[in-house]
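Here the structure comes first, spelled out in structure tokens, and everything after it is commentary.
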Amino acid sequence: MSRQGASPAKPGRLVVLRGGPSNTRVTGRVVLVGAGPGDPELLTIKALKALQAADVIVHDGLVSPEILDLASSAARRIDVAKRKSRHTLPQDEINRLLVALAQEGLSVVRLKGGDPFIFGRGGEELEACRAAGVECAVIPGVTAALAAGASAGAPLTHRGAAQAVTFVTGHAAHGEPDLDWAALARPNHTVVIYMGLSTAGVIADRLTGAGRSAATPALVVVNASRADEQRIVTTLGQLPAVAAGLAGPALLMVGEAMALAAAGASEIVQPLLSSRSVGA
Ligand SMILES: C[S@@+](CC[C@H](N)C(=O)[O-])C[C@H]1O[C@@H](n2cnc3c(N)ncnc32)[C@H](O)[C@@H]1O
């Protein structure tokens, strides 16, 4: 028998009844989407489709407005901007928000700068969804290091100059980051430091203290892939002085292969010869 107000069932057709007891409510899902480093053209097609299909977009501060503009205008946008010293929403509240939105039956995109699993706390959000029984998928994004190396013409690995690349965080909640400095100081190895502007002095001291030459080429890229990108070619020894004059999301990149940056991008200047930075 059909529900009151619904058309009578035709023989052989499946009738789907809306409503019903709350324990049959359809749960939505969460998709952790990598927005890339800022340039909307570095968004993946899969990420774009997810944005256009979302009911709600929960985003952080590193996502550029041009990328948010690509989402459906009907989608609700929630800014949970996370900055090192200004957490709009603590991580556990973001986790709870994602779960609650999905439990309302919504299709939730959690949009994060770069890649969700590279210093993006995507793993914590994934675990929270799993613990709550909420379906969670991940769409990778271009992490900032890849964009920075590409625009500077500095390969992160390079035959004869960089047999390995390591991504590390320069930020630690208390004190200096707990890193294996001896391993990072090995030659022919690119070290990319995320969130390292404020700890550049400690990082340079630890790397040189562990044996990495102060003359090792280094590259700093601020706002990689964005219109206001800045790139500075320098050395490990000069890194603290360079970093002191900069602000904004930045990567410190140290390694022999960073010497290629100067050849690959003529607009790069030596900071101690003229201004500290140059727009792309
Ligand atoms: C919380 S981490 C997020 C990293 C991000 N998940 C990724 O994969 O790029 C934030 C740090 O990433 C780096 N970063 C992110 N976007 C950047 C950009 N466009 N240019 C330079 N550095 C960037 C900076 O070191 C910034 O402090």
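The numbers here are math on the coordinates, done by the rules we state, and not lab data. Remember, it's a predicted structure, so these values are computed and weren't measured experimentally. FYI the Cβ positions are ideal-geometry reconstructions off the backbone, even for glycines, and counts take in every protein chain you see.
Miscellaneous remarks
- Spin-label model distance (nm) - Leu70 vs Thr88, 7 Å beyond Cα toward Cβ: 2.0 nm
- What the phi angles of segment 28-35 give under the Karplus curve with 6.51, -1.76 and 1.60, with θ = phi - 60°, is a coupling list of x, 8, 10, 10, 7, 10, x, 8 Hz, glycine and proline written as x.
- Here's how it looks for Arg110: its modeled amide H is under 5 Å from those of Val31, Leu32, Val33, Val58, which are all 5 or more places away or on a different chain.
- In the frame of its principal axes, segment 144-264 has Cα extents of 33, 33, 20 Å, reported largest first.
- For a paramagnetic label modelled on Asp205 (point 7 Å from Cα along Cα→Cβ), amide N atoms under 13 Å away belong, within segment 221-255, to 240.
- Contour excess over end-to-end distance, with Cα ends at Glu135 and Arg186 and 0.36 nm allotted per residue: 14.2 nm
- Protection proxy ranking of 114-121, 93-100 - average other beta-carbon atoms within 10 Å, highest first: 114-121, 93-100
- Packing order of peptides 195-203, 175-183, 159-167, highest average first: 195-203, 159-167, 175-183 (average count of other Cβ atoms within 10 Å over each peptide's residues).
- Protection proxy ranking, peptides 135-145, 209-219, average beta carbon neighbours within 10 Å, highest first: 135-145, 209-219
- Cα gyration tensor shape of segment 70-225, rounded if a/c is under 1.5, else prolate or oblate by comparing a/b with b/c: prolate
- Calculated FRET efficiency for the pair Thr166/Ala227, C-beta based, R₀ 25 Å, to 0.05: 0.25
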